[in-house]
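The values are calculated or read from the model by the stated rules, or taken from the named source; none is laboratory data. Predicted model, so just to flag it, every value in this text is computed and none were measured. Cβ placement follows ideal geometry from the backbone for every residue including glycine, while neighbour counts extend to all protein chains displayed. SASA here: full protein model, heavy atoms, side chains in, ligands and nucleic acids out. Shrake-Rupley method; radii C 1.70, N 1.55, O 1.52, S 1.80 Å.
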Amino acid sequence: MNLRRAACVWGSCALLWFACRLFAQPEQWLQYHTCDEAPAYQWIVLLTNQPPNLALPQLQGKPVFARWKTPMDKAGFRWICLDRTTKRGIPNKLFIDSNGNGRLDDDPAVSGDVSAYAAIFDPARVVFQTEDGPVTYHVIVRYYQYDRVYISSACWYEGDVDFGGKKYRVRLVDSNVNGAFDDIGWDTADTDRLILSPDKATETDQRIDRYLGRLVEVDGQLFRIEVARDGAFVKVEKARDIKFGTVTVPETISEFTAAGPTGHFTRNPSNGSFTLPAGTYQILSWTIERKDNKGATWQLVGDDFGANGRFALGVDQSVRFDIGEPVLSILEVTEAKSAKDPISVGLKLQGRLGESVTVLRNKQRPQPPKLVLASVDGTYRKVSSFQFG
């Protein structure tokens, strides 16, 4: 075979392989939806001074400004201004750089529902310029007393997606509210979400709510998933050649959940052991479950690990976590600064990695414990509840 023919054969094979790859991962398109109830939000910091050289509309009160950070804009952010038409009170007018030209004097004012303590503005439409053309995104801005401002996503993408021959309804949620739908990482605060439900499913408990990763587990099978940055489509293919590691926990642990760039997984350990795809993770929760002699199901649930829950799992390697029982009961007492101030008493349960622990009975909180305060001579006695902490 001469070199030219060999090159043609190799080129044909490469083209066939590439075509097969495209066929294996077609773009499955989703539809854009908006809402008044925000599925996710983030807190934004207000600027102390008016930005210089920012073209502004006619303002009436003492405006406050902020930058909404988004990778969908070439500048990395969009300007926000909150103004009020009254001398005092909550801002009642919102301006946001909807077209991304770096100015606010050509943007319409956004109205909202204003009370004495808060202003919740109507969903505002912004447009991002991408390589594929303009992309629409809706946000909701909320202002609360003492300059607390939150920005929420008021949109999502949704549609039917094929996973190995079975259709699931897929919803993409921009959980970190930065305008993009493809964010993944070990920190769930900066990771978007993927909600799946079987075709025609109506029950909420049939939904699979997962933080986005490179892999997603559906019906016990692993799939590679790729999400378009603007959320318009996903690509899915059956995962192959996945490497695993082993996690070991006490045998009392009935459920363990972790998430990271690789994916979000829930496991029910067998004899205190289970496998996960190799990668970096954050422990989200563990559960211990038992029944009492009356048939009620009791659970201890540990979550909110912080940095203590991060771990790396190598290929064919093993990590162990000493989690679960015993848990620590911590009574916190804050002494009064003066005779007029009350004494604050709090009770919390804490796990061995510093995580918070919650007690549940039939998936609901049981009656809270009581606190009895009494004087030594018995002249004072008061019983209080830890219902609120």
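Quick check on the stretch 26-54: of everything there that is surrounded by 12 or more Cβ atoms within 10 Å (Cβ to Cβ), assigned to a loop (DSSP other than H, G, I, E, B) and hydrophobic (A, V, I, L, M, F, W, C), which residue is farthest from the chain's Cα centre (by Cα)?
By that ranking, first place goes to LEU54.
From GLY351, GLY314, grab the single residue that is surrounded by 11 or more Cβ atoms within 10 Å (Cβ to Cβ), among the small types (Gly, Ala, Ser) and under 24 Å from the mean Cα position of the chain (by Cα).
Of the residues listed, the single one that is surrounded by 11 or more Cβ atoms within 10 Å (Cβ to Cβ), among the small types (Gly, Ala, Ser) and under 24 Å from the mean Cα position of the chain (by Cα) is GLY351.
Checking VAL170 against (1) more than 23 Å from VAL110 (Cα to Cα); (2) open to solvent by 10 Å² or more (accessible area, probe 1.4 Å), which test does it fail?
It is condition (2) that VAL170 fails.
When the stretch 59-74 is examined, which residues are found to be in contact with a strand residue (DSSP E or B) (Cβ under 9 Å, 6 or more places away or on another chain) and either more than 22 Å from VAL127 (Cα to Cα) or open to solvent by less than 100 Å² (accessible area, probe 1.4 Å) (or both)?
LEU59, GLN60, GLY61, LYS62, PRO63, VAL64, PHE65, ALA66, TRP68, THR70, MET72, ASP73
In the stretch 105-155, what count of residues is obtained for those that are farther than 19 Å from CYS35 by Cβ and polar (S, T, N, Q)?
Here the count works out to 4.
Identify the residue in the stretch 145-156 that is in contact with a His (Cβ under 9 Å, 6 or more places away or on another chain) and either of a type in the set (A, V, I, L, M, F, W, C) or over 30 Å from ALA116 (Cβ atoms) (or both) and, among all such residues, is most open to solvent (accessible area, probe 1.4 Å).
Within the stretch 145-156, the match that is most open to solvent (accessible area, probe 1.4 Å) is TRP156.
If the requirement is being free of Cβ contacts under 8 Å to residues at least 60 places away in the same chain, touching an Asp or Glu at 6+ places or on another chain (Cβ under 6 Å) and surrounded by 10 or more Cβ atoms within 10 Å (Cβ to Cβ), which of these qualifies: SER356, SER385?
Testing whether each residue is free of Cβ contacts under 8 Å to residues at least 60 places away in the same chain, touching an Asp or Glu at 6+ places or on another chain (Cβ under 6 Å) and surrounded by 10 or more Cβ atoms within 10 Å (Cβ to Cβ) leaves just SER356.
Within the stretch 79-115, track down each residue that is of a type outside the set (Asp, Glu) and in a strand (DSSP E or B).
Of everything in the stretch 79-115, those that are of a type outside the set (Asp, Glu) and in a strand (DSSP E or B) turn out to be TRP79, ILE80, CYS81, LEU82, LYS93, LEU94, PHE95, ILE96, VAL110, GLY112, VAL114.
Here is a list of conditions, (1) open to solvent by less than 30 Å² (accessible area, probe 1.4 Å); (2) over 29 Å from TYR281 (Cα atoms), and GLY159 meets all of them except one; can you say which number that is?
(2)
Is it the case that the stretch 116-127 has a residue that's part of a strand (DSSP E or B), of a type outside the set (Gly, Ala, Ser), surrounded by fewer than 14 Cβ atoms within 10 Å (Cβ to Cβ) and at pLDDT below 95?
Within the stretch 116-127, not a single residue is part of a strand (DSSP E or B), of a type outside the set (Gly, Ala, Ser), surrounded by fewer than 14 Cβ atoms within 10 Å (Cβ to Cβ) and at pLDDT below 95.
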